Structure formats: C-alpha cells, structure tokens
Amino acid sequence: MTGFARYVLGVDTAGDACSVALLTPACVIERTVEGRTAHNAALASLVKDVLAQADLPPAKLDRIAVITGPGSFAGLRIGVAFARGLGLAVDRDVVGVSRHESSVEMLDSSPPVLVIAPARRRPPDRSWWVQTVGAGNIGDELREVEDAGLAQACVAAGPASGTRLASFDPAAVMRCLKDAGRDDLGALTIDVATPSAARAARIAAATRYPSSRPPMPLYGRPPDATPSPVIASSSIS
Amino acid sequence: MMQDITVLGIETSCDETAAAVVRLGASGVRVLSDVIASQVEDHAVYGGVVPEIAARAHVERLDGLIRRALSEAQLSLSSIHGVAATSGPGLIGGVMVGLSTAKAISVGLNTPLIAVNHLEGHALSPGLVGPLGFPYLLLLVSGGHCQFIAVESLGSYRRLGSTIDDAVGEAFDKTAKLLGLPQPGGPSVERLARQGDATAFNLPRPLLDRPGLDMSFSGLKTAVRRIVEEVGSERTADVCASFQLAVADVLAAKAERAMGLFAKSHPGERGRFVVAGGVAANAQIRERLKATADTLDFTFSAPPMRWCTDNAAMIAHAGALHLLAGRKSPLTIEVRARWPLDGAAADHAPVHGGGRKGARA
C-alpha cells in the first residue's frame, strides 16, 4: 500500500475493547484492553505505551487515525476527543475511519464489500448498520436498516452485482435472513469482518489529501430528545 | 522568587464548552485568555439541557476553542506547563470529552495533567480577581449546585450545608418552564419579577423552620405549578416576584446561620463571605446576601459574573494552584459524575443523592 504518512497512530474505542496501534515503517505495535468501561481510563496510557515502545516522541507522529463509529456514543466521544486533542497538541491531521471501513482489507482490484454490523440486537427492534466499502477503503453513507431492509441490501449486493458481503457477526446475519423467510439467500457467503485500529492507521496513511474538517463521531441517529411542548408553543420572547 | 506557571484549562461539565489560559506568578494571577461557547441555543426548544446534545456539541467544538484560547493568549501549546480539565461532577458525557482531550494534550506535549473538581474551581474562583485570603465562607449557588462551604485552604473544604433536592438555578429554570418563559430561567424570571408584586402569592420557605443549613427548593416549584394551574398565565409577573422573594428569604436566612457558624469556628478574625455561581447575577438575591453580610460584619464579595457562571479560567486557576503544590493526576484518572468537595464527610452524611454510588456533590 502506498503511504503518504509513515508514523500513524490508530485509535479504536467504538466497541467493547479499547485498542490502539502504532504504524511505523518497521512494524505495527498494537495494544488492547478489554471492557466497555475501560476506554476512559485506558486510552491515554495505551497510547503512551506504544509510543514509548517505538521510542517515538509524539511530535514525530505524521498522522492520527480514529474509528468514528458506529458504536457506543461514550466510547466514540472518548476516542474522537482524544484523537483531535492529540492532533492539536502535535499539529497533525486527524483522519476519521468508520468501523466498517476499518474491518475489511481492500486491494486495488478488490470488488466492493457490503459490511454489516448489528445495531439494535433485540427483536422486534432489531436493526443493522450497513455500509458499502469500495476502493481505497472508502465507504458510502452509513445506513441503519431493519431485518427486511437487510435482506433487500443483501439481494442488491449479492453475487450478481459483484459486491461481496462481510459482517462482524455472519452467523447473526444468516439467522436474520432465515427468520425473515429468505431461504433463497441461504447460500450467500458472508465473510468475517473485524474492525481494527491498525487497519484504520493504514487507511489514514494511504489517504492522499486528508479532509480539513476534523472527524466527528458517526452517531447514525439524532439525539434522543423531545422538544418541550410548553417552550415550543410559547409566544413570550 | 516564584517561577511563573501557565496552565491551559478545559471545562465541559454542562452546557458551556470553555477553554482558558491562566498564568500564576510572583505578580499574582493573570487570565491570559478565557473563551466560551454557550449551547443555550442548542437546548432552547427542549426547555432544559439535554445531556446527549451537550456531549455532541462539546466534542465538535472543544479543540477549536482551545486553539482560540491559545491564540488570544498569544501562546503556543509548547509554553504551557500543565493542562487542567474538569473531571466531575457534572454531565458525564461532556466531562469525558474534556478529560479525554486534556489527556491527549498531556501525552502529546509530555506535560502534566491536573484533573479538577468543578466545585473546587468555583470555590477558588475569588482568586481570579485578587489574593485568596483563606479562610472564607462560600455560598455556591448555580444551576447545578447550592451549598455553603468553609474554604479553609487549598484542598481543605468543609461543606456546612446544601440543598437536599433542586439547586436554586434549577428551580428558576423549572419555574420559567412552567410559566412558558425562555431558558435560562434566571434572567427571564428576574426581568418579569421587577414588574410584579412579590406579596401577591404566599409561597413556602422550605426548611426554614428546621435547624441546620440544608435547603430545599423543589417544593417551591410545586407551589408555583399549583398557582399556575389556579390562576393561569394572567399573573406571571406576580408569580415571578413572589417566587424570587421566597428564594431570597431562604438564602438570606440560611446565610445568616452559616455566617454565625463560621464566625464561631474562626474566632478573632473578620469573616469573609463569598458568593459564586450564576445565581449571584440575580440583583435582588445578591442585595439580600450583601445586607446579611453587612449586618454580621462579614466582608462580601462575588467574582465578576463571567467567572461566577461556568468557565474554564477557574479550572485553569485551580489546576495551576495544585500544580504549584506539586500535585498532578495520573493518565488513568476517571471521570466522576458524583464528586463531593469534602469527599469523606459527604460519604458519611450524604444529603443529596446518597446511596450505592455515594453522594452526588
């Protein structure tokens, strides 16, 4: 992979683990702490650890990559705030990479991959985050679909279109399709996709022109809040 | 001679994103910059602060705001000796954003991190405008807090009493909401109160009949709701005036008791009474508290309004004092939604939100 940056830090706080990876020309150093509540306590020390192991002063970093979601809102904010704070401290670009983008290996000749991740897990509110990742590991817009929408997306992306399928949890996708009565899709091949801080760092390293807009968490949903009827109807200013 | 230390401060515990640079030196305290992005507009239609909206706004704005604070201070990050951030108590989603950003800057610059208790920032805020002169009696009265604190020295705080339910600012906000007035409620209610008759409605003065310094304001809000249900929106100004007078009566009476207690435990010196927090902006309440202090021969002061409400200068200032005293925080430090200023005492006798997780504030 062609790189436009040599020393890149990758941060992933979107899931149940807190992971960091330091990409150097010689090697990749990775550290992970398990536990959904570990992010806030662990992240800064993990970053300090990998930098120390590579004997790299923070100012020598060329770029910072952060996984922007989807995932736990608190985790995403810890990661994005950290990455942007570090970008500010060392005056470097921060590149946002979605979990989906970070979970598949794309070669120049690879066909696009529809990446599927569980969103809401409990029926009847079950839903899925889907994103099609193409050349350069760049994804289209992240969408949340319900079971029926997932089946449609799988059909549209099926073998006919040349798009491959991958999921963080392929078995759950197959169960969902079966539950939806789509036995016709039973023969689909769904690869395993795994989000990775190291891959996020590699994607960021290969980005020729990082966006000048700093990354934001990929929430996928508006905040859960209802306007107050009293205030909304009030004419007093 | 004491060497100058310059600290970057970050505040994200409620609905203000703020960054500031404060320098502590032989010539005193200098606030080199102090910037704030209020989210009032973002929350207006909801009639109160929505934690998820607040957290999203903090992460979007904080780094830009820090850049502005540095540029206004005409400093680069490399001339900063430490980075201080509010790590509680407050809305946890926002606090995480500030602390995580501060940790990143600490790692990136290899500079000390100082996690600051938001309440301590307020408690020490008189130091932003002059020598601190310990000890003093502090009334912290804001949208999130209402407590009397004996500030003995840096790191030594004794809570004498506090609200057992709503904070005063919260009571103002809720009253404004009931009356259909815009948020924040404090200024809205105060403006209308000027045109109203404060004796129009007889509202309760909760806990005045009981000894001690604890306060309660949720009953006041319920009383206001009953009046609104009874008389409709006809007499809004009278309701505002009556409500504000009730709050002023309670605070003045409790302040009188607090000063008595404080004087007893600090004999032989003239007492100092400091009021901090957004509610100190209310002219009637401030006048009443000042009059009470005058009667009991306490000096009275309140930091300028911009440092009474939430701000990052007070966080940078508290951080700088701790750094000077040789204290800093480990990178693994966690946010604390609940974090009373006098930790041990509050754990033994929680008056507010006690229980499994400990006292709230």
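Throughout, read-outs are computed from the coordinates displayed, never taken from laboratory work. Computed from a prediction, not measured in an experiment: that's the story for all the values here. No Cβ is skipped: glycine too gets one built from the backbone with ideal geometry, and neighbour counts run over all protein chains shown.
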Report task. List, in the order given, every pair from A:Lys48/B:Lys328; A:Lys60/B:Lys103; B:Lys254/B:Lys328; B:Lys174/B:Lys254 whose Cα-Cα distance in the structure shown is over 24 Å. Result -> B:Lys254/B:Lys328
**Report entry** Reach of B:Lys177 by Cα under 19 Å, taken over aspartates and glutamates that are not fewer than 8 positions away in the same chain
**Finding:** B:Asp15, B:Glu41, B:Asp42, B:Asp165, B:Asp166, B:Glu190, B:Glu229, B:Glu230, B:Glu234, B:Asp238
Query raised in the report: For B:Arg225 and B:Gln3, what is the calculated FRET efficiency with R₀ set at 51 Å and r taken between the beta-carbons, to the nearest 0.05?
Result: 0.35
**Report entry** Longest segment of chain A lacking GluC sites (Glu not before Pro) that sit in a DSSP loop with at most 15 other Cβ atoms within 10 Å
**Finding:** A:1-104
Query raised in the report: Hey, what's the per residue convex hull volume over the C-alpha atoms of region B:71-210, in cubic angstrom?
Result: 186 Å³
Report summary line: Over all viewing directions the Cα convex hull of region B:166-271 casts an average projected area in nm² of 7.4 nm²
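Quick check on region B:157-203: what does the Kirkwood estimate of hydrodynamic radius come out to from the alpha carbon pairs, in Å?
Working: mean 1/r = 0.0822 Å⁻¹.
Kirkwood radius, region B:157-203: 12.2 Å.
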Query raised in the report: What is the calculated FRET efficiency for B:His266 to A:Ser212, with r their C-beta to C-beta distance and R₀ = 60 Å, to the nearest 0.05?
Result: 0.55
Requested in this report: Report the label-to-label distance for B:Asp197 and A:Gln152 in nanometres (one decimal), using points 7 Å from each Cα along the Cα→Cβ vector.
Outcome: 6.4 nm
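Treat region B:242-338 as a sphere of radius equal to its Kirkwood radius over Cα pairs and apply Stokes-Einstein at 20 °C in a medium of 1.002 mPa s; give the translational diffusion coefficient in µm²/s, rounded to a whole number. Could the numbers behind the result be given before it?
Numbers: Rh = 15.8 Å.
In µm²/s, the coefficient is 135.
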Query raised in the report: What nm distance separates the two modelled labels at A:Thr37 and B:Ala253, each placed 7 Å from Cα along Cα→Cβ?
Result: 4.2 nm
Query - Residue exposure sequence - A:Ser110, B:Ser153 - by fewest surrounding Cβ within 10 Å - result: B:Ser153, A:Ser110
Report task. Write out the trypsin sites (Lys or Arg not before Pro) in region A:27-66 meeting two conditions: DSSP loop, and at most 16 other Cβ atoms within 10 Å of their Cβ. Result -> A:Arg36
**Report entry** region B:227-284 and region B:28-43: distance between their alpha carbon centers, rounded to Å
**Finding:** 26 Å
**Report entry** Spacing of the two label points (7 Å from each Cα toward its C-beta) at A:Ala225 and A:Ser110, in nm
**Finding:** 3.9 nm
Report summary line: Looking only at aspartates and glutamates whose Cα falls under 12 Å of B:Lys290's and that sit 8 or more positions away or on another chain, we get B:Glu256
Query raised in the report: Under 12 Å from the Cα of A:Lys178, which aspartates and glutamates turn up, not counting those fewer than eight places away in the same chain?
Result: A:Asp147
Query raised in the report: D for chain B, whole µm²/s, Stokes-Einstein with Kirkwood Rh over alpha-carbon pairs at 37 °C and 0.692 mPa s: what number?
Result: 158 µm²/s
